[in-house]
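**Student:** One structure follows; several queries about it will come next.
Bear in mind these aren't lab numbers, they're just calculated from the coordinates by the rules spelled out. Quick caveat, the model's predicted, so the values are computed rather than measured. A quick note on method: Cβ atoms are made from the backbone with ideal geometry, for glycine too, and the neighbour counts reach across all protein chains shown.
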Amino acid sequence: MKITKAAVNTTSPGRNFVTLKVETDEGIYGLGDGTLNGRELAVASYLTEHVIPCIVGRDPFETEDIWQYLYRGAYWRRGPVTMSAIAAVDVALWDIKGKALGTPVYNLLGGKSRDGVLVYGHANGKDTETALEDVARHVEQGFKAVRVQSGIPGIKTTYGIAKGAGRYEPAERGLPSEAEWSTEHYLRHAPKLFEKVRERFGEELHLLHDCHHRLTPIEAARLGKELESFHLFWMEDPTTAELQEGFKVIREHTTTPIAVGEVFSSVWDAHDLIRNQWIDYLRMTIVHGGGFTALKKAADFAAMYHVRTGFHGATDLSPVTMAAALHFDTAIHNFGIQELMPHNEETDAVFPHQYYFKDGMMYPGDGPGLGVDLDEKLAAKYEYQRAYLPVNRKLDGTLTDW
Ligand code: EZ4
Ligand code: CO
C-alpha cells in the first residue's frame, strides 16, 4: 500500500480545527488531528510545506519508521507545533491500518483492557451555588466524575467559567482577551467550594479540579493539603512544569493526587516527574504528544512508576483526537480517566463519529479504524477564523500564567 496524497483541512464550526487526510492507492484514507489552540495555522503550514511532500509514496503501515523520519529527520526536535504535525500523520496512518485490516484501532494497541472508558465532565458556575447546580446536572446526566470550577469572589474573570448562558470555551475569536488573577483570593475560596460539593453530593462522586498552572509549588502544596479531606481524584496543573523538580515540593506536602501535562509535547517533558513519582496522572494526549506511536511508549514508561493516563479532552481536541484517545484508553493497562468537554452540534456534524457516552463512560465503537470521518462539504461552510486563548494579569497588572 502507498500514500498517494495528503491534504490539510481547516474548519471552524464554532472553533478552529486542523485535520490531515491521508489517501492511499487502495482507496482507503485516514484522518489525523493537528489542532493547536490559538496557533492552528502554524501546524497547517508545517504539514503542508514540510511534511506532506516527504510522506507521499511511503507505505502507511510503516508508522514507526515514518515517526522516526519526521522526528529525527527534522533535526529540530519536540515542541507543540512539530509534535502536533507528527501526531496528525501518525494517527491518520493508524486509522488507515485499522481500516485496511478491518479492525478497530484498539485491537492494534493491545485489544480491549476494559469495557468502557471513565470520563469526567466540566461543572462550572459564576459562584459556588451555580457551580453546585451544574454538578447536579452532570450527576443527572450520569457522570461518575466531575471537574468543578467556580468564580472567585474579588476577581472579575476566572478560568473555566462560561461567560454567558452558553458552554465554556477557552479560545475566543479576535485578539486575546485579558483575564484577572489573584492567588490570595483563589486559595481562600477553593477549599470552601469543595467542602460544599462534598456536603451536597457525598463521598462517591469523583471530584477533580484544575489549578491551570497558576500557583507556585508551595502555594499548590497548601491547596493540596487543605483539599485532602475532600478526597479529590486529582488536582490538575498545580504549577507550571518547565521546572519538573517544582513538583517535588508539592509531593512532599500532600497526598492529593496530581495530574499534569496537557501542554507537554514529549515524554521528555515528564521524564523527571514520572521517574521520581512526583505525579499520578499524565495528561499529554495523542495530538500534542506525537500520536499513538509516541504515547504508547510514554504510557508504558509511566506504568513502571504507577503513573496512569488522564488525557486532555477539551473542545480544542477535535473529534479525531477524541476517537483516538478512546481507542487508546480502551487498550492500555494504566488508563486512569479521560476528560470530556462535549463538542457543539456543528462540530459533531462536521466530524461524524461512532464514539458515544453512556452512564458516565465512553466507548470508541467497534468499526474499523478510528470510527470518525470528516464531512468536507460541511466543513467548507465554516471558514477558519483567527482565535486566541486569553492572557492573564495579576491585580497589579503583572502578566502571569493563564
Ligand atoms: O485550557 O484546552 O483541562 N482543560 C484545560 C483546557 C485548556 C484548553 C487550552 O487550549 O485546561 O480548558
Ligand atoms: Co487543564
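**Student:** Cut-off under 17 Å on the C-alpha distance; same-chain residues fewer than 8 positions from Lys192 excluded. Which aspartates and glutamates are left, in chain and number order?
**Tutor:** Result set, ordered by chain and number: Asp127, Glu129, Glu133, Asp134, Glu184, Glu203, Asp210, Glu219, Glu226, Glu228.
**Student:** Taking the Kirkwood radius as the inverse of the mean 1/r across Cα pairs, report the Rg/Rh of the stretch 221-370.
**Tutor:** A ratio of 0.99.
**Student:** Turning to a different aspect of this structure: Around Trp278, under 10 Å between beta carbons, what's the net of Lys plus Arg minus Asp minus Glu among the other residues?
**Tutor:** -1
**Student:** Also: With the crude spin-label approximation of a point 7 Å out along Cα→Cβ, what separation in nm comes out for Glu242 versus Ala349?
**Tutor:** The modelled label-to-label distance comes out at 4.3 nm.
**Student:** For n ≥ 4 DSSP H runs only, could you compute -39500 (n - 2.57) per run for the chain, divide by its residues and tell me the 222 nm figure to the nearest 500? Numbers along the way, then the final one.
**Tutor:** Numbers: 14 runs with 138 residues, N = 402.
It lands at -10000 deg cm²/dmol.
**Student:** Using the Kirkwood formula on the Cα atoms of the chain, what hydrodynamic radius do you get, in angstrom to one decimal?
**Tutor:** By the Kirkwood definition, the hydrodynamic radius is 21.4 Å.
**Student:** Tell me, what is the FRET efficiency for Leu399 and Lys126 to the nearest 0.05, using R0 = 22 angstrom and their Cβ-Cβ distance as r?
**Tutor:** Numbers: r = 25 Å, r/R0 = 1.11.
Between Leu399 and Lys126 the formula returns 0.35.
**Student:** Then there is this: Taking the Cα centre of each part, how many Å lie between the stretch 114-152 and the stretch 1-40?
**Tutor:** 32 Å
**Student:** In terms of Cα to Cα distance under 17 Å, which lysines are near enough to Lys248, apart from those fewer than 8 places away along the same chain?
**Tutor:** Lys225
**Student:** Going highest first, how would you order 290-298, 110-118 by mean Cβ packing within 10 Å? Intermediate values should be presented prior to the final figure.
**Tutor:** Numbers: 290-298: 23.0, 110-118: 14.8.
Ranking the peptides 290-298, 110-118 by packing returns 290-298, 110-118.
**Student:** By how many degrees, between 0 and 90 and to the nearest 10, does the Cα long axis of helix 319-331 differ from the longest principal axis of the chain?
**Tutor:** 80 degrees
**Student:** Same structure again: Charges at C-beta only: +1 for Lys and Arg, -1 for Asp and Glu. How large is the resulting dipole of the stretch 3-104 about its Cα centre, in Debye rounded to 20? Walk me through the intermediate numbers first.
**Tutor:** Values: 10 positive and 12 negative charges, 75 e Å.
That gives a dipole near 360 debye.
**Student:** For a protection proxy built on the mean count of beta-carbon atoms within 10 angstrom, sort 178-184, 280-286 highest first, please.
**Tutor:** Working: 178-184: 16.7, 280-286: 26.4.
Result, highest mean Cβ count within 10 Å first: 280-286, 178-184.
**Student:** I need the calculated FRET efficiency for the pair Leu378 and His50, taking r as the beta carbon distance and R₀ as 22 Å, to the nearest 0.05. Mind dumping the intermediate values first?
**Tutor:** Working: r = 29 Å, r/R0 = 1.30.
E(calc), rounded to 0.05, equals 0.15.
**Student:** Quick one: of Lys21/Lys163; Lys163/Lys377; Lys163/Lys358; Lys21/Lys97; Lys112/Lys358, which pairs are farther than 24 Å apart, Cα to Cα?
**Tutor:** Violating the 24 Å Cα-Cα cut-off are Lys21/Lys163; Lys163/Lys377; Lys163/Lys358.
**Student:** With contacts defined as alpha carbon pairs under 8 Å and 6 or more residues apart, what's the relative contact order of the chain in percent?
**Tutor:** Working: 885 pairs, mean separation 91.3, N = 402.
The value is 23 percent.
**Student:** Distance in nm between label sites at Glu64 and Ile155, each 7 Å beyond Cα in the beta-carbon direction?
**Tutor:** Result for the modelled spin labels: 4.6 nm.
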